[in-house]
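Enquirer: Handing you a structure now.
The values are calculated or read from the model by the stated rules, or taken from the named source; none is laboratory data. Computed from a predicted model, the values in this text were never measured in an experiment. FYI the Cβ positions are ideal-geometry reconstructions off the backbone, even for glycines, and counts take in every protein chain you see. Ligands, DNA and RNA are stripped out before the accessible areas are found, and what is left, the full protein with its side chains, is counted by its heavy atoms. Shrake-Rupley method; radii C 1.70, N 1.55, O 1.52, S 1.80 Å.
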Amino acid sequence: MMLERWLFSLFLLLVGVFSKASGAFVGINIGTDVSTLPSETDIVAILKAHQFTHVRLYNADAHLLKALAGSGIEVTVGVTNEEVLGIGESASAAAAWINKNVAAYLPSTNITAIGVGSEVLTTIPNVAPVLVSAMNYLHKALVAANLNFQVKVSTPQNIDIIPKSFPPSTATFNSSWNSTIYQLLQFLKNTNSYYMLNAYPYYGYTRGDGIFPIDYALFRPLPSVKQIVDPNTLFHYSSMFDAMVDATYYAIEAANFSGIPVVVSEAGWPWLGGAKEPDANVENAKTFNNNLIRRVLNNSGPPSQPTLPINTYIYELFNEDKRPGPVSEKNWGVLFTNGSAVYPLNLGTSGQITGNGSAVFCVAKSDADSDKLQDGLNWACGQGRANCSAIQSGQPCYFPDNLENHASYAYNDYYQRMQSVGGTCDFDGTATTTSIDPSYGNCIFTGSSNSSTRGGLLPPSALSPEVAPGSWSSNLQISKLQLLISAAFPALVLL
């Protein structure tokens with residue numbers, strides 16, 4: 001009995017240490033409107049290869065939940081919009097849903113949350129009257145199964161239920177939803193859950209009639225004369241993303257609630273659009289998602305809540321080609337279904353993206369003039385004597401075949417070789433230094449600590465034969481959790 005109590009106490013201690021040490025996370029949404037979706041085991045292999053630690057599903061697919069067993073990946077399962085009404089009208093239906101879709105997979109599959117519906121208030125408003133009833137019934141079923149501390153219940157809502165999100169300090173929820181919003185916030189407060197926000201700066205920019213510059217939507221620095229400032233609080237907003245999150249906090253406060261964290265359940269940028277969607281392109285998508293990851297992993301909150309990290313799920317893993325609507329609606333994925341990346345992306349699996357500790361890399365600026373980039377690339381590979389063999393056709397850094405990617409590799413190779421004798425990272429203003437390792441897949445940048453570890457990805461054997469590692473770089477540090485576990489095992493042996 002004493003041993004069991006000691007082990008239970010140790011478990012709680014480890015959980016507490018891990019929660020504090022892990023910091024903010026970047027997860028991924030998995031939509032399934034895909035013509036050739038990989039098998040469930042391949043999807044999990046892809047998630048592991050790219051070291052995703054959190055996923056959100058839009059349903060409770062039995063095959064995928066089984067495949068996720070033993071992976072350690074934290075899973076948010078979804079109640080579909082079609083299921084909300086039935087569950088909201090029947091406690092027994094809610095209990096059956098929990099037994100079938102949650103309890104049956106725990107603890108092997110690490111289900112930690114349930115997302116009830118998807119933007120119910122704006123997509124199926126007729127179901128709104130029973131939304132919180134559905135959430136209550138599901139929570140009570142979790143309590144009955146003694147799972148309410150493991151699994152939280154929330155519901156993702158679009159930023160559009162806040163009609164005017166700028167300035168953030170004056171944001172309020174749409175008054176026509178006052179009753180439902182009050183019930184929702186009361187539920188989240190009572191159950192120690194969180195508000196799930198779908199925040200899309202892409203739409204904020206493209207539907208904004210030019211009010212805000214695109215740099216603001218893409219997390220790019222703004223000149224001093226174009227700073228975005230809330231006139232009431234004088235808070236400066238460096239990105240539309242931060243403003244949307246802060247608007248949500250202010251709206252919650254305006255409804256007389258506090259202490260409810262905001263988790264961004266969807267955020268992303270489409271990489272391909274139709275003729276009338278010029279801002280849906282690879283460069284913007286790469287810039288947005290890379291900057292989003294950096295923003296989230298700095299562990300800070302928006303200006304009004306600076307100590308509250310913004311856990312965020314990127315939308316989305318694969319392109320959903322079966323979705324209706326414009327071209328952009330089908331092209332939000334960061335990976336192709338074979339596991340390769342649509343564009344290079346650096347995903348940190350802890351609160352820090354560390355490279356090789358103190359390493360500094362030299363990369364091309366995403367907004368650099370193309371002619372100057374070409375001149376810089378030519379100089380680095382010529383007079384600068386950078387080793388540019390890796391960006392030649394057929395070599396590991398050739399793709400993506402664009403000027404910024406090739407220039408980044410050449411700039412960095414030159415910089416790593418020449419900085420000790422005065423070489424700089426400037427290239428006529430087209431380059432900048434970063435502590436984030438730009439390596440991806442088989443493309444290892446000079447100076448990376450991953451020169452023998454394939455950019456931090458699992459080896460090809462970790463995937464099915466047809467799935468190749470993609471273009472992500474992720475570096476792990478020994479965590480306090482690992483150290484504590486190592487220290488705990490000798491004590492277990494002594495007992």
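Enquirer: Is at least one residue of the stretch 230-237 of a type in the set (Val, Ile, Thr) and surrounded by 22 or more Cβ atoms within 10 Å (Cβ to Cβ)?
Expert: First, pick out the residues of the stretch 230-237 that are of a type in the set (Val, Ile, Thr): 233.
Next, only the ones that are surrounded by 22 or more Cβ atoms within 10 Å (Cβ to Cβ) stay: none.
Within the stretch 230-237, not a single residue is of a type in the set (Val, Ile, Thr) and surrounded by 22 or more Cβ atoms within 10 Å (Cβ to Cβ).
Enquirer: Just to be sure I understand the filter: pairs with C-beta atoms under 6 Å, separated by 6 or more residues or on different chains, first member in the stretch 44-55 and more than 14 Å from Ile30 (Cβ to Cβ), second member assigned to a helix (DSSP H, G or I) and among the aromatic types (Phe, Trp, Tyr). Which pairs pass?
Expert: Final answer for the pair search is none.
Enquirer: How about the stretch 206-228: which of its residues are modelled with pLDDT of 95 or more and either open to solvent by 50 Å² or more (accessible area, probe 1.4 Å) or outside the structural domain of Thr170 (by the TED database) (or both)?
Expert: Thr206
Enquirer: Of the residues Asn198, Asn158, Asn178, which single one is surrounded by fewer than 16 Cβ atoms within 10 Å (Cβ to Cβ) and not hydrophobic (A, V, I, L, M, F, W, C)?
Expert: The conditions single out Asn178.
Enquirer: If I go through the stretch 280-301 residue by residue, how many of them are more than 19 Å from Leu403 (Cα to Cα), in a loop (DSSP other than H, G, I, E, B) and open to solvent by 30 Å² or more (accessible area, probe 1.4 Å)?
Expert: Of the residues in that region, 3 qualify.
Enquirer: Just need a number here: residues in the stretch 62-72 that are surrounded by 19 or more Cβ atoms within 10 Å (Cβ to Cβ) and either free of Cβ contacts under 8 Å to residues at least 24 places away in the same chain or in a loop (DSSP other than H, G, I, E, B) (or both). If you could, list the steps in order and put the result at the bottom.
Expert: Here is the first cut: in the stretch 62-72, the residues surrounded by 19 or more Cβ atoms within 10 Å (Cβ to Cβ) are 64-65, 67-68.
Imposing the further condition that a residue be either free of Cβ contacts under 8 Å to residues at least 24 places away in the same chain or in a loop (DSSP other than H, G, I, E, B) (or both) reduces the set to 68.
Residues that pass the stated criteria total 1.
Enquirer: Another one. Based on this model, can you work out whether Ile310 counts as assigned by the TED database to the domain that holds Ile30 and part of a helix (DSSP H, G or I)? Spell out how you get there, then give the answer.
Expert: On the way: assigned by the TED database to the domain that holds Ile30: yes; part of a helix (DSSP H, G or I): no.
Criteria not met by Ile310.
Enquirer: Further question: Given the structure, is Ser304 more than 21 Å from Asn158 (Cβ to Cβ), open to solvent by less than 40 Å² (accessible area, probe 1.4 Å) and in a loop (DSSP other than H, G, I, E, B)? Reasoning before the result, please.
Expert: Working: more than 21 Å from Asn158 (Cβ to Cβ): no; open to solvent by less than 40 Å² (accessible area, probe 1.4 Å): yes; in a loop (DSSP other than H, G, I, E, B): yes.
Taking the combined requirement at face value, the residue does not satisfy it.
Enquirer: Additional query: Which members of the stretch 49-59 meet the condition of being open to solvent by less than 10 Å² (accessible area, probe 1.4 Å), within 27 Å of Leu197 (Cβ to Cβ) and either more than 12 Å from the chain's Cα centre (by Cα) or modelled with pLDDT under 90 (or both)?
Expert: Across the stretch 49-59, the qualifying residues are His50, Leu57.
Enquirer: Give just the number: which of (1) open to solvent by less than 50 Å² (accessible area, probe 1.4 Å); (2) out of contact with any Leu (no Cβ under 6 Å at 6 or more places or on another chain); (3) modelled with pLDDT of 95 or more does Asn148 not satisfy?
Expert: Unmet for Asn148, out of (1) open to solvent by less than 50 Å² (accessible area, probe 1.4 Å); (2) out of contact with any Leu (no Cβ under 6 Å at 6 or more places or on another chain); (3) modelled with pLDDT of 95 or more: (2).
Enquirer: Here is a follow-up. Among the numbered criteria (1) farther than 14 Å from Tyr249 by Cα; (2) open to solvent by 20 Å² or more (accessible area, probe 1.4 Å), which single criterion is violated by Leu184?
Expert: That leaves (2) as the condition not met.
Enquirer: Further question: Could you list, in sequence order, all residues of the stretch 1-48 that are of a type in the set (A, V, I, L, M) and modelled with pLDDT of 85 or more?
Expert: Ala24, Val26, Ile28, Ile30, Val34, Leu37, Ile43, Val44, Ala45, Ile46, Leu47
Enquirer: How many of the residues in the stretch 94-129 are closer than 13 Å to Thr80 by Cα and in a loop (DSSP other than H, G, I, E, B)?
Expert: Matching residues across the stretch 94-129 total 4.
Enquirer: Next up: Keeping to the stretch 74-100, report how many residues are open to solvent by less than 50 Å² (accessible area, probe 1.4 Å), within 27 Å of the chain's Cα centre (by Cα) and closer than 17 Å to Asn136 by Cβ.
Expert: Residues in the stretch 74-100 being open to solvent by less than 50 Å² (accessible area, probe 1.4 Å), within 27 Å of the chain's Cα centre (by Cα) and closer than 17 Å to Asn136 by Cβ: 3 in total.
Enquirer: Separate question: Looking at (1) under 22 Å from Thr155 (Cβ atoms); (2) out of contact with any helix residue (DSSP H, G or I) (no Cβ under 8 Å at 6 or more places or on another chain), can you tell me which one Ala199 breaks?
Expert: If we test Ala199 against (1) under 22 Å from Thr155 (Cβ atoms); (2) out of contact with any helix residue (DSSP H, G or I) (no Cβ under 8 Å at 6 or more places or on another chain), just (2) comes out false.
Enquirer: To continue, here is another question. Can you confirm whether Ser328 is farther than 25 Å from Tyr58 by Cβ, surrounded by fewer than 24 Cβ atoms within 10 Å (Cβ to Cβ) and assigned by the TED database to the domain that holds Met196? Explain how you work it out, then say what you get.
Expert: Numbers: farther than 25 Å from Tyr58 by Cβ: no; surrounded by fewer than 24 Cβ atoms within 10 Å (Cβ to Cβ): yes; assigned by the TED database to the domain that holds Met196: yes.
Spelling it out, it is not the case that Ser328 is farther than 25 Å from Tyr58 by Cβ, surrounded by fewer than 24 Cβ atoms within 10 Å (Cβ to Cβ) and assigned by the TED database to the domain that holds Met196.
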